Amino acid sequence: MSAFLQARSKEFGLLLQLGMEKKQLNKLIFLETMLIGAVSIATGILFGYAFSKFFFMIIRELLQLDSLPLYISWKPFTLTMCAFFSLFVIIAMTSVVFIRDQKIIELIRGNWKTDEMQSFSTVKAVLGIVMLLFAYAAAAFTTMNVVKALSIILPPVAALGTYFFFTHSVMFILHQMRKRKSLYWHRYRLIAVSEVSVKLRENARMYFIVTIVSTFAFLSVGTLTSLSSYTGQFRELNPLSLIYSSELTNPYESEHISLIRKELEEQGISYTLVPFVIKQQTSSYSQYKVNILRESDINSLAIALGLPLISLEAGVGMFIPYSEESIKSLANREIQTVLEESNIPVQIKGVYPQMLFPSMVIGSNIIVVSDADYELISEPLEGRTAMTSSFNFYAFHVAAWERTKSIGLSIDTQVTNSIYNEDYTNLPFYFENPGFNYSIIRATFSLLLFTGLMVAAVLLLAAGSFVYFKLYTGLERDKRQFDVLKRMGLTDRELIKIVNRQLLPQFFLPWGIAMLHSAFSFLSLQVIWSNLAEVSILSDMILVLVGFTFIQVVYYFLIRWRYIAHVRA
């Protein structure tokens, strides 16, 4: 609205010169704004409803619903009209603030800002740069122990540093540049830098807002895209299709396994079932409890998953990885231990090279031993009975694992209810359906990403509009300046060079700072994801930043084309 009113300042000045009262001018602006608002609301609702079916089709695919019918209701229309009508009323009532204090001569002249050099504080200029560098360094070298505290401290520090950067640091840098005449006194650079200095001084707060808005857009899409990274790596983190763990005293075990197998067969889903009996002993090396698996059971599961087999000699064991990181840390490790309760010496060498079980579903201390050593384990874990120092584990492998989302839902409900009622420790079994979990996670994250993209589109449109309308309001002044330069012999090629050097900082300086904010924020986000699920978001973050950069470049060339067309006319 500010840009719209500034562009019509001459018209308002002439109306006041011809005798219109300020009260009448305010009424005129209010009525015009409300007329624009009414047309916008009606047009928006019309096109919005026309494309509703298209959006419903997208949502249906994201949520994997059989149908999502379109219906007409008065509530969303009423809510939309009331919300936006109220917004336009507020805009219409406050827009007169932009002109109420202006004198007639100022309105007719059309330049509400002066080109005089604005003062800057060297201390604030340096402080702005230091605050930004501190925020970037803290985000780049953060750890999981401090990332939560930094997530509260760094945003205000970065925001204040950004404000100081545009209001003081930029002017300080330009001032230093002017002092170096060998750098500044150049036929194209002199004109371009001089004009850019004026634009950056006049619109410092606007560029600060553009930077913050763009940063929010990047972060909203980047954060939600990182959730999609998790869904993309979900299968790698969950190699098994169905998991059922049962205490030996569990009275529901036979019933539950039969139910799962029956539901798989009824839906025509082929599967492989590998049962384990996991024994527990105390390791003399660490004095911690260790879960022990049999070599033949591991090979049976490896065959089902298409992974390499293992061959262990008597007295030799191997680590089973509990996470992707553990594969690297245990790859070259070799320890000598004794399973204390059964007095069986085991030399543990290396780790199985692939994830066989979801992270921590069995535990973090898992080894596999030869069948001969496994049979020698007869004594229960110290302090426990034979029935409580071992447990059964059923691993279901389904090639079409996404089809299992409706398998074992009644069992999953029991587990969920026990967790909700804080009675999980008394439950004698555990069940997990990665296919069901994936369907929920995928639908939720996809819907969030879709919403985030729409929000980001609005934010980017707003940020781009700020710059565009500021160019639009100063278009007449710029046109007069270029007319003078043309009469002095400026060619079209030289005109384009000057325009490029004027527009590039205005478009890409706020954009570049926003990119830096987002890039270092993503480094902190990577720390969080690495700790939660060992997911790498690097490729997705690069894709997001490259995508936004491409959009900005296209937008820049589009605006430059229109700008050059106007100043040439």
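The values are calculated or read from the model by the stated rules, or taken from the named source; none is laboratory data. All values derive from a computational prediction rather than experimental measurement. Quick reminder, even Gly has a Cβ in these numbers, built from the backbone with ideal geometry, and neighbours come from all protein chains shown.
General remarks:
- In the stretch 404-430, the residue that is modelled with the lowest pLDDT out of those that are acidic (Asp, Glu) and loosely packed, with under 14 Cβ neighbours inside 10 Å is ASP423.
- Pair list, Cβ < 7 Å and 6+ apart or interchain, from the stretch 477-494 residues that are within 21 Å of GLN6 (Cα to Cα) and modelled with pLDDT of 80 or more to residues that are assigned to a helix (DSSP H, G or I) and not β-branched (Val, Ile, Thr): LYS479/HIS566
- When the stretch 413-447 is filtered for residues that are among the acidic types (Asp, Glu) and either without any contact (Cβ under 8 Å) to a residue 24 or more places away in the chain or over 19 Å from ILE269 (Cα atoms) (or both), the ones remaining, listed by number, are GLU422, ASP423.
- Only residues that are surrounded by 15 or more Cβ atoms within 10 Å (Cβ to Cβ), in contact (Cβ under 8 Å) with a residue 40 or more places away in the chain and aliphatic (A, V, I, L, M) were counted across the stretch 133-153, and they come to 4.
- Search result, residues across the stretch 392-436 that are among the aromatic types (Phe, Trp, Tyr) and farther than 20 Å from LEU259 by Cα: TYR420, TYR424
- Taking the criterion of being crowded, with 17+ Cβ neighbours inside 10 Å, aromatic (Phe, Trp, Tyr) and within 16 Å of THR94 (Cα to Cα), no residue of the stretch 1-29 qualifies.
- Checking every residue in the stretch 545-566 against the condition of being assigned to a loop (DSSP other than H, G, I, E, B), on the phi < 0 side of the Ramachandran plot and out of contact with any strand residue (DSSP E or B) (no Cβ under 8 Å at 6 or more places or on another chain) gives zero matches.
- Criterion applied to LEU5, LEU31 was being hydrophobic (A, V, I, L, M, F, W, C) and farther than 25 Å from ALA462 by Cβ, and the one residue passing it is LEU31.
- Residues considered: LEU227, LEU237, LEU309. Of these, the only one that is surrounded by fewer than 19 Cβ atoms within 10 Å (Cβ to Cβ) and either in contact with a strand residue (DSSP E or B) (Cβ under 6 Å, 6 or more places away or on another chain) or within 30 Å of ILE528 (Cα to Cα) (or both) is LEU237.
- Hits in the stretch 225-249 - residues which are of a type in the set (Gly, Ala, Ser), at pLDDT 75 or above and under 22 Å from LEU447 (Cα atoms): SER226
- Those helices (runs of 4 or more DSSP H) lying entirely in the stretch 1-79 with at least 1 residues out of contact with any helix residue (DSSP H, G or I) (no Cβ under 9 Å at 6 or more places or on another chain) and modelled with pLDDT under 85: 22-50, 52-63
- Test: ILE528 is under 29 Å from the mean Cα position of the chain (by Cα), assigned to a helix (DSSP H, G or I) and free of Cβ contacts under 8 Å to residues at least 24 places away in the same chain: no
- Restricting attention to the stretch 314-332, the residues being surrounded by 12 or more Cβ atoms within 10 Å (Cβ to Cβ) and in a loop (DSSP other than H, G, I, E, B) number 7.
- ALA92 vs. criteria in contact with a His (Cβ under 9 Å, 6 or more places away or on another chain), of a type in the set (Gly, Ala, Ser) and modelled with pLDDT of 80 or more: no
- Filtered residues of the stretch 349-390 (kept if crowded, with 19+ Cβ neighbours inside 10 Å and over 18 Å from LEU339 (Cβ atoms)): VAL351, TYR352, MET355, LEU356, PHE357
- Output for the stretch 134-163, where each listed residue is out of contact with any Phe, Trp or Tyr (no Cβ under 9 Å at 6 or more places or on another chain) and assigned to a helix (DSSP H, G or I): PHE134, VAL147, LYS148, ALA149, LEU150, SER151, ILE152, ILE153, PRO155, PRO156, LEU160
- Selection over the stretch 495-518 of residues that are more than 40 Å from the chain's Cα centre (by Cα) and either at positive phi or free of Cβ contacts under 8 Å to residues at least 24 places away in the same chain (or both) gives a count of 0.
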